[in-house]
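So the structure is just underneath, and the comments pick up after that.
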Amino acid sequence: MLFFNNKGGVGKTTVVVNLADALAIERNARVLIVDLDSQANATFAAGVVKSLDDTRDELRNCNVSNLLLGGRGGFAFFLQESFQSNSVRGVRKNTSYSFSNSVDIIPSHIQLTTLEDNLAESYSRGGLSNVLRKKLAEISNKYEYVLIDTPPSLNVYAKIALFTADYLIIPCDLSIFAETGLKNVKEFVDRINDDKRKYNFPPLVVLGILPTKIPPIYNYVNHSLPKIKERITRRYGLPILKTIIYQRPDLNKCTAHYRGYPQFPEPKSIFAYNRDPMNSPKWRGK
């Protein structure tokens, strides 16, 4: 399952890590997250980054680049450092954010940005598109779900992700700025499916657009939102999922309070969180 949008800040990573936890807890499933974004936000959220000190960077030579370049490349190729493993079993880490202990992650790393040009050249020659798919097939019996987080761009990492996945969900806040990227996503999927047909692989199936960061305002949700959804469906021919992820302003305020270094949210701030997101009595039928 792939989560991709051409625009950043729409909640891709948030959806991935929370859905992984929900599947592990509610369905008692083993879940693997693949972080293909060089920003490595899913890797940080999963709690596998042990230190911000570069001299103790455990993921520098143990991340998704190992799978993409194997023993032939990765950071070892550029930095002449030891290359730990080029298998999923050797790279995956168990996450610490989930109570289920059933969520693993193939971490990313900020230095993936230095590999992008080399990977793009390899992809254009046809030697890279199917690598990750093959690596994941080796452990297909170990996980019920594989969730792939992607960068908000049409780069080589996004191409690899779309080629690897069977299903796509497009997180989108339905703003006019995010909407402009949907045309690019649709065209990108069409090009990837053309490549998949060359390998006799089934096409990537778009499950739909997942509305995210929707403001919990009565008039907007009941009057404006239906019109926006209808326009998007008509214009781009993409289905919109029934599930809606609303903004939680009070929760955002809670995470603004930090302590210590490296900083982490102040635990007491959660008591300020109002679980009722509906800011109008109309939501309660009054």
Answer with yes or no whether Ile148 is surrounded by 13 or more Cβ atoms within 10 Å (Cβ to Cβ) and more than 20 Å from the chain's Cα centre (by Cα). no
Restricting attention to helices (runs of 4 or more DSSP H) lying wholly within region 16-95, give those where 3 or more residues are at pLDDT below 85. 74-79
With (1) surrounded by 14 or more Cβ atoms within 10 Å (Cβ to Cβ); (2) more than 29 Å from Leu32 (Cβ to Cβ); (3) without any contact (Cβ under 8 Å) to a residue 40 or more places away in the chain as the list, and Ile217 as the residue in question, which single condition is left unmet? (3)
Quickly run through region 153-209 and pick out the residues that are closer than 25 Å to Asn118 by Cβ, surrounded by 15 or more Cβ atoms within 10 Å (Cβ to Cβ) and charged (D, E, K, R). Lys159, Asp195, Lys196
Do we find that Leu204 is among the aliphatic types (A, V, I, L, M), farther than 30 Å from Arg248 by Cα and in contact with a Lys or Arg (Cβ under 9 Å, 6 or more places away or on another chain) in this structure? yes
Long-range neighbours under 6 Å by Cβ, at least six apart or interchain, first residue under 22 Å from Asn18 (Cβ atoms) within region 45-60, second of a type in the set (Gly, Ala, Ser) and at pLDDT 80 or above: Gly47/Ser96
Please state which one of Ser108, Ser129 is small (Gly, Ala, Ser), farther than 20 Å from Asn18 by Cα and either assigned to a loop (DSSP other than H, G, I, E, B) or without any contact (Cβ under 8 Å) to a residue 24 or more places away in the chain (or both). Ser129
Taking only pairs six or more apart or across chains, which ones have beta-carbon atoms under 6 Å, a first residue in region 9-30 that is within 17 Å of Phe44 (Cβ to Cβ), and a second residue that is buried (at least 18 other Cβ atoms within 10 Å of the Cβ) and of a type in the set (Ser, Thr, Tyr)? Gly11/Thr212; Asp21/Ser98
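The values are calculated or read from the model by the stated rules, or taken from the named source; none is laboratory data. Because the structure is predicted, anything quoted here is derived from the model rather than measured. So basically every Cβ, Gly included, is an ideal-geometry build from the backbone, and we count neighbours across all protein chains shown.
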